[in-house]
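Have a look at the structure below before the remarks.
The values are calculated or read from the model by the stated rules, or taken from the named source; none is laboratory data. Computed from a predicted structure; not experimentally measured. Virtual Cβ from ideal backbone geometry, glycine too; neighbours counted across all protein chains shown. Surface areas here come from the heavy atoms of the whole protein model, side chains and all, with no ligands, DNA or RNA. Shrake-Rupley method; radii C 1.70, N 1.55, O 1.52, S 1.80 Å.
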Amino acid sequence: MLRSLVGSEMCIRDSSNPHPANPSAKARAGVGSGLLHRSEVAGKDAIVGFAAYDRNILHNFKTFVWPLRTAGYDGHIIIGTRRNLDPDEVEFLKEMKVTMYAIDLVPCDLPWMKGKDTSNKKFGHESERIRGVCVQQYPRLKMEWARFQLGADWIMDCHGCAGWNLLTDFRDTTYQTGNPFGMLGDASNPPSKNLWLVEEWYGEPHPMTNDHWFSWSSMHNCYGREQGDKIVAPYRKLPVLCSGTVIGNGVGIQRYATVMTNHFYDLIELGEKCVTPSVVDQAVQIQLYYHGKFGPETGTLKYGEGPVLTIGGACAQGNEHSLNDVIVKDDQGFVLNNDGKRAPIVHQFDRCHENYAPLVMNVDTMVKLVNQPSTGPNTQKTHHRTGTDPPAPAAAGQLWSP
C-alpha cells in the first residue's frame, strides 16, 4: 500500500555532479537487446507494467491486458517480463498487441553484495525478490528501484508513444474503460501539469497519511529516528502518494525517472542501510514530491478524481480488508470515481479481495461486462476526502536541512 525515503547527507539536495553513467544514455545503449517483441498500434498513449516473475503468469497477463483491450484501448501496452516466456503467454500477449522487453537479472554491483549472486535465488515472496536482485542495464539498482528508469527507457524506445504514459505495478492493477487518460487533455500541450502522482485515500473514516510506518520507517533505517522524524515532519499528515502508478507525458516521465534514479544513486553512496529493502521507493517519491524536487509541472490526483483509483487504503485498515465504507460500485461491480463514473484504472484491487477482486480474477466475466453501460451506483455514499488541500511543494531552495 505504501513504500519509503529521503535524501543524501541528511538533507535533500540537487545532484551537482553527474553519476558514473547517465541513466538514460546507459539504458538506451542496451535497451534494444532486451526487446522481445514490438507490437504496432494506432494509439499514442502507453501503459508500462513490470512482470518479471519466474513462473507462468498467464492469468495475471489476462487481468492486466484483456479488459483494457476489450474496452477499446488502442494505445501501447509495454510489459517487462522474464526472457523465457511460455508459448501460451507469448501467444496471448502478441494477440493483445503487447510490446515485450526482457528484464534480465544479474548479481548486484554493490560493495556489500560482492560475491553474492541472488539473480537465480528462489525468494519466499515477490516483494523480497524485487528488493534482492539487480537488472542487467543497471547492475547497481535492484529491480524495485530500476523499474522507473527502465520504463522511461522503453517509452523513449517506443515507436509512436507521443501521448500520456503510465508507469504501473502489474499484479494488482486492472482497467475498467478503454480511454484511461481522456480526462487529462492533450498530452502534447497539457492544460496544467505534465507529471501526475496519485494520492491514496485521505478521507474519513480511516485516512491514509504519511504517519503510516511504511512512510517513515525508511527514514529511520537510513538516518536514525531523530533525523528521520525531522525529515518526514513537514508532510507526515499529508496524503500518501503511491509509487505504483505514475502518469506523465514524455517530458514528465523522463523528468520523474531522472530525479528518482539520481536520488537512488545518492542513497547507494550512503551504504546498505539506505538501499532497498531498508529504504523502499514509495517514501523516496513522497519525500521528493513534498520537497519540490519534481518541479512545478508536477501535481497530484486526489482519490476519486483522476484516471487512477488506488483502492488499497479505502478497502483496508490494519488487519481488516474488503471494507465497504469508502468504495462505491455500480450494479455490475465496477468501482466508481467521485463523479459516479467508472474509474479508468484501478490499483491495489487485491486489498478488496472479497468486494472487488472477484470481478477481476473472474476475468472472463469482467470482459463481458466492461462494455456494458454502467448502472447504479448500488449505494449512494459520497466519499470526497476531508481536510484542506496540501500546501504546494517547497521550491528546491527551501528544503529542510538538519
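A few points about this structure:
- Count of the range 249-262 residues which are assigned to a helix (DSSP H, G or I) and either open to solvent by less than 10 Å² (accessible area, probe 1.4 Å) or of a type in the set (S, T, N, Q) (or both): 9
- For the range 323-356, residues that are under 13 Å from GLN176 (Cα atoms) and among the aliphatic types (A, V, I, L, M) total 5.
- If you go through the range 277-287 and keep only what is buried (at least 24 other Cβ atoms within 10 Å of the Cβ) and out of contact with any strand residue (DSSP E or B) (no Cβ under 6 Å at 6 or more places or on another chain), you end up with VAL279, VAL280, ALA283, VAL284, GLN287.
- Of residues in the range 24-59 being in a helix (DSSP H, G or I) and surrounded by 20 or more Cβ atoms within 10 Å (Cβ to Cβ), the one modelled with the lowest pLDDT: ALA27
- Residue match in the range 317-335 (condition: among the hydrophobic types (A, V, I, L, M, F, W, C), in contact with a helix residue (DSSP H, G or I) (Cβ under 9 Å, 6 or more places away or on another chain), under 24 Å from HIS212 (Cβ atoms) and open to solvent by 20 Å² or more (accessible area, probe 1.4 Å)): yes
- Tabulated pairs, the range 183-202, first of a type in the set (Ser, Thr, Tyr), second open to solvent by less than 40 Å² (accessible area, probe 1.4 Å) and part of a strand (DSSP E or B), C-beta under 8 angstrom, 6+ apart or interchain: SER192/GLY299; TYR202/THR209; TYR202/PRO239
- Sole residue being aliphatic (A, V, I, L, M), under 29 Å from HIS76 (Cα atoms) and surrounded by fewer than 23 Cβ atoms within 10 Å (Cβ to Cβ), chosen from MET96, MET113: MET96
- Which numbered condition ASN84 misses (of (1) open to solvent by less than 30 Å² (accessible area, probe 1.4 Å); (2) more than 20 Å from VAL259 (Cβ to Cβ)): (1)
- Taken together, the criteria exclude ALA233 from residues that are surrounded by fewer than 24 Cβ atoms within 10 Å (Cβ to Cβ) and assigned to a loop (DSSP other than H, G, I, E, B).
- Taken as a whole, the condition of being modelled with pLDDT under 95, under 30 Å from CYS108 (Cα atoms) and either of a type in the set (A, V, I, L, M) or under 15 Å from the mean Cα position of the chain (by Cα) (or both) applies to VAL280.
- Given (1) modelled with pLDDT of 95 or more; (2) part of a helix (DSSP H, G or I); (3) closer than 26 Å to THR174 by Cβ; (4) open to solvent by 10 Å² or more (accessible area, probe 1.4 Å), index of the condition TRP196 fails: (2)
- Selection from the range 133-170 of residues that are open to solvent by 10 Å² or more (accessible area, probe 1.4 Å), within 24 Å of LYS114 (Cβ to Cβ) and among the small types (Gly, Ala, Ser): none
- Only helices (runs of 4 or more DSSP H) whose full extent lies in the range 73-165 are considered here, and the ones with at least 1 residues that are under 18 Å from the mean Cα position of the chain (by Cα) are 126-130, 143-157.
- The set of residues from the range 292-316 being open to solvent by less than 10 Å² (accessible area, probe 1.4 Å), closer than 16 Å to HIS353 by Cβ and part of a loop (DSSP other than H, G, I, E, B) comprises just one member, ILE311.
- Cβ pairs under 7 Å, 6+ apart, first in the range 51-70 and under 22 Å from GLU128 (Cβ atoms), second aliphatic (A, V, I, L, M) and assigned to a helix (DSSP H, G or I): ALA52/MET143
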